[in-house]
Amino acid sequence: MSRASVLGLSVVVSFMFACGDDTTSADSGPLDGAVHDGSLDASTSPHGVVGSTCVEDADCLAGLSCYTGPDGARAWPGGYCTRDCSSALDCPGSSTCGIAYIDVDGTTRNLCQATCTREAGTRGGCREGYECGWQGFCTIGCSSDDECHTDDTWPGPPRYEPSARCELSSSRCLHGTHPEAQDGDACVSNTDCRGPAGRCLLNVCVSTQCDLGGELSCADTQQCVGIAAGFDSWSTFCATTCRVGVDGLDGTAPDDRCPPGFMCAPPESDPSGRATEPFCTFRVVGVGTSATATVGSHCTTEADCPLALGYSWCIDSTCLAQFCAAPSLAGQDVCGPGATCFAPAGDRARLGWQSEQLALGLCVRDCSADASVCVAPTSCTDSTYCFSGTP
């Protein structure tokens, strides 16, 4: 699949922090008559509904347009009737609002996508070339082994992976081939990891597509959790269970059970809602190590920020921290001195998974007593907290 769809948590936070406007576009009202039964086989799908084939906008029902894929990435086969959205309320029946594209620079686009039934070995009602993604909607898949031969191991340049194959019955790419590999083993490419769904991420093997069960099920010390990605096939993975603040990143030492490049995240941060305990998930930026920095301090990289359970981020040259409103972290001082926890509610959560993560809390500098504590480019928003843009 295209490595352009890769997403790390830094992209999640960067996107959330940059997009304060959660208003719906002018053309996002409901679509009259654009309702289908969820079956998207080319021979039976009603013409022009969300998920059906198209060449031009006129091939789609009124209010929909023909999407053919993001620039620079593999085209969506046969076109895809859809529309931009910011929540499921913007989409007609038998479709929902989902991420269609995420780039490593944070570029993202949400589109209405046809709902489907996720099952092992099947497309769940999606057209050929489309797979039923972990979030239950039809998104780009594969229709030949050639489309799976680019190893999108990330970070790092894409590699040619001739052993990858397309499971035609589900339009999912299958990668890992090493018969004895285990999750947590060091790897250079996907072929170093266990088949059929092992992936090499941050140079560590992880099992993916675990929500399908069977041979993809996780070990007893793991949980099957989601990662907020677009249309790639590793959107669920087996994550090692950890203990935040005990043997997690508690301000003194990293969690020995989380590999380098991973962090111990609270269960509420799992976008799939499966996690019941904290788990090791991907962290594509460094960990804060400063003993003197606080939330709101100027930074160049995460190393300039406080350790704060490993949840510090350097966004717009300012130290922030996430997850301060997560119920499971209620006894932890995630924000530290001089900071307050910003957790939007109501309409501010309309942006889907991005705002669901933000609703778990973002530590920002408290400027209620002194606006001058804000470091540029932040300013004292609502005379309460330092923020860049409109939160």
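Some notes on this structure:
- For region 166-220, GluC sites (Glu not before Pro) are listed when DSSP marks them as loop and at most 15 other Cβ atoms sit within 10 Å of their Cβ; the list is Glu180.
- Förster-model FRET efficiency, 30 Å R0, Asp220 and Ser368, C-beta, rounded to 0.05: 0.05
- Simple label model, 7 Å out from Cα along Cβ direction - Ser379 to Asp333, nm: 3.2
- Around the amide H of Gly288, modelled in the peptide plane, lie the amide H atoms of Ser312, all under 5 Å away and 5 or more residues distant in sequence or on another chain.
- The order of the peptides 114-120, 171-177 by mean Cβ neighbours within 10 Å, most packed first, is 171-177, 114-120.
- A cut-off of 5 Å between modelled amide H atoms, ignoring neighbours fewer than 5 places along the same chain, links Arg109 with Ala100, Tyr101.
- Modelled FRET efficiency - R0 35 Å, Leu89 with Ser169, Cβ distances, 0.05 increments: 0.60
- Region 59-142 shape via C-alpha gyration tensor axes, a/c threshold 1.5: rounded
- Length gained when the stretch Asp71-Asp145 is fully extended (0.36 nm per residue, less Cα-Cα span): 24.4 nm
Read-outs: derived from the displayed coordinates by stated rules, not from any lab. Just so we're clear, the structure is a prediction, and the values are computed from it rather than from any experiment. A quick note on method: Cβ atoms are made from the backbone with ideal geometry, for glycine too, and the neighbour counts reach across all protein chains shown.
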